[in-house]
1. Rounded, prolate or oblate: which fits the protein assembly as shown, taking a ≥ b ≥ c as square roots of the Cα gyration tensor eigenvalues, rounded meaning a/c under 1.5, else prolate when a/b beats b/c?
2. What size of dipole, in debye to the nearest 20, comes out for chain B about its Cα centre when the only charges are +1 on Lys and Arg C-beta atoms and -1 on Asp and Glu C-beta atoms?
3. Expected output is a single nm value to one decimal: the length gained when fully extending between A:LEU188 and A:ALA100, i.e. 0.36 nm times separation in residues minus the C-alpha distance. What is it?
4. Hey, fewest Cβ within 10 Å first, where do B:PHE24, A:PHE40, A:PHE228 land in order?
5. Choose one of A:GLY191, A:THR264, A:PRO251: the residue whose Cα lies farthest towards the positive end of the charge dipole of chain A (beta-carbon charges +1 Lys, Arg; -1 Asp, Glu; about the Cα centre).
6. For each of B:TYR27, A:TYR115, A:TYR174, count neighbouring Cβ atoms within 10 Å of the residue's Cβ, then give the residues from fewest to most.
7. Taking only Cα atoms and a 10 Å spring cutoff, compute GNM fluctuations for chain B and point out the largest among B:SER183, B:SER215, B:SER38.
8. Mind checking A:254-260 for the average number of partner chain beta-carbons within 10 Å of each residue's beta-carbon?
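All of the numbers you see were taken from the coordinates with simple rules; none came from a lab. Just so we're clear, the structure is a prediction, and the values are computed from it rather than from any experiment. Note that we place each Cβ from the backbone using ideal geometry, even for glycine, and neighbour counts take in every protein chain shown.
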Amino acid sequence: MSTAPTVTKIASQNPASAKYVPRLDLAKLISYLGMLLAAFFLLLPILVIVPLSFGDQRFLAFPEGTWSLRHYAELLNSAWLSSILQSLGLAVAVGIVSTALAFMFATGIWLEPRYRTVLTTVVLLPMIVPQVVSAMSLYYLGAKLQLLDTLVGVGFGHLMMALPYSLIAMLVAYSRLDINLYKASRSLGAGLWMTIRQVLMPNVRVGMAGSFFMAFIMSWEEVVVTLFTSGLNVVTLPKRIWDGLRYNLDPAIAAVSTLMIFITLIILLVRIYRHKTNVDSPGH
Amino acid sequence: MRITFHGTLRIYALLILPLPAIIFVGYLLPTLGVLGWSFSLPEPGVQHYANIVDSATIHTVIWRTLRICLLTTLISVAIAYLIAYRWRFASGRGRQFIELFVLLPFWLSMLIRAFAWLVLLRNDGLINQSLMTLGIVDEPLALVRNELGALIGMVHFMVPYAVLPLLSSMRQIDDSLLKAASSLGAGRWATLKDVFLPLTLPGVAAASATVFVFSLGCFVTPALLGGGKAAMLAESVYIQMFQLSNWGLGAALSIVLMLMVAVSAVVFGKLVGFGRFTGRTV
C-alpha cells in the first residue's frame, strides 16, 4: 500500500529538468551486478518453494520425474482446511469491525480535528510497540477475561494489531478530501448523518476498501499475538504453519506458500501495471 | 467557520471516541497489567529487574540482540541503497522489475520466507547439497538454526523496509544538480560521493532507524531460523512465558524490550534531527 503514492509522484516529478544518466563504465557495471545479486537474494527463496510444492514424496523434496498435487490435496484434509477457514473467517470479521471503527474515527477527526495528534498517536501505538510486547498485553487481557484460546479472544487481539493500519488507510483517504464538500452539503440542508452517508462515504470508498484490505491482511498473517493467545482450539493458518516449521518441514506448507505467492504476485502485477497507467494519464 | 448546531460536538465525540476507547481498554490498560506482573509475580518486588541487571545469561541475550540488529541494519541498508540507486536511474521497465522483486517478499508472510530459508540453508538443503556435489565442502555448513541463519533471514526481511525511505529521498534529488556537478568537471565518482550521497543521508538515517528499531522486536524470523541457539530478547520473552512459565520475568523482559525500542527511537530521532525528514527540500 505504502508505495502507491510513491510511484505515481516520481514519474510526474521534474518533467522539465534534463535527465541525468550516469555514463556506462566499470563502476556502473558493478552496481548492476550488485543489484542483480540483490534481486536473486530477495527472490531465490520464494522461487525455490514453487517446485517443492509439486513434489511426489511423502516428505518435502523436489519432484523427481513426476510432478504431483498430493501436497495440495493434503490442504483439503480437515486440519489444514479448518485452519484456512478459521483464518478467513477471522480476517473478514476483523476487517469489517476495523474498517467501521477506523471510518468513524477518521470521519470524526476530519470534521473536528481538535485533539487529532494525541488521539491518533494513541490509536497507532500497537503498530509502533514491538509485537511481542503487544502479544504480552493481549495475553494479559485474555487471561483476565478468560478469553485465551477462543475465537473472540484471538480475534480481539488481531483487531488491536489491525486498527492502526486500517486507520492509516482511512486518514490518507480523508487527507485528499476537501472540507468544502461537507460545508456545501450541510448548507444545502443535508443533516450530518445524511452528509456522512451520501457525500463522505462515496468519496472515501477506495479508502474504506484499502482499510478493509489492510486489516484483512494483518489478521490473515498475524503470528505473534496468535501464538500468545491461542492454544489447541484456535489454530489459525499461520499458527499451523509455525507448528509445521518448528517440528519438521511439513510439505503442505510448500503448497499453501505457493498459493500465497501466486495470489501476491497477481495482486502486485495488477497494482504495478495500474500505476503505470495512472502515471500516463494526466491530471492524476 | 464550521456550520454548527446544537449537540454537534457530542455527535463528533460519538464518532471519534469508540476507537481510542477500545485501544485504551483493550490495549493500554493490559500493558499496565503486564507492567504490574513484572513487579508482582510470583511475589511482589523488583527481583526480576535485579535479575536482568545481574544475570550473565540475560546479558548475553541483550548483547546478541544488539549485535544481530546492528549487523542486520548495516547489511540491509547497504543492499537497499544499491537497489534504490539503480531504481533512481532506471527506465520504466527497469523500475517495474525492481518494484516487483522488492515488493513480492515485502508482502509475503514472514513464515513463508522463513520456511524458504530453512529449505535452502538446512544441512540437506539446496545450498549445502550443491556445495557438496561441487566438491567445495565435505561437510554440510551450519547455515541455519544458529546466529548466521537468523541474520540471513532478518536481512531478507528488512531489505524492503530499508528500500522505501531510500527511494523517497533519492527521488527528491533533482537531475539538474547531478548534471551541474558533472558539467563543472566532477567525475562520476565525485558526483556520487560529494553530491548524490550527502543528499541521500537523511534517507539512509531514516532507513537505518526503521530497520534497527524494527529488528529489536523481531521474533518469528530469528526464532525459526535461529533454532533456539540465537534467542533474541523477543524470543526470550516467549521462552519465559510458555516454556519456563516464568510470567514475572517474561513480563519484565518485555518491558525492557519496550524501553530499548523507545530509547533507540529517541536516539535516532536526535541523531538525525526530525526536521531533516520533513523540512528539507532539495
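1. Details: a/c = 1.41, a/b = 1.04, b/c = 1.36.
Cα axes put the protein assembly as shown in the rounded bin.
2. On the way: 19 positive and 11 negative charges, 216 e Å.
For this selection, approximately 1040 debye.
3. The A:LEU188-A:ALA100 span can extend by a further 29.0 nm.
4. Working: B:PHE24 14, A:PHE40 11, A:PHE228 24.
Ranking B:PHE24, A:PHE40, A:PHE228 by Cβ neighbours within 10 Å, fewest first, gives A:PHE40, B:PHE24, A:PHE228.
5. Farthest towards the positive pole: A:GLY191.
6. Details: B:TYR27 24, A:TYR115 12, A:TYR174 18.
Placing the least packed residue first, the sequence is A:TYR115, A:TYR174, B:TYR27.
7. For chain B, modelled as a Gaussian network with Cα springs under 10 Å, the answer is B:SER183.
8. Numbers: counts 4, 0, 4, 8, 1, 0, 5.
Mean partner-chain Cβ count within 10 Å for A:254-260: 3.
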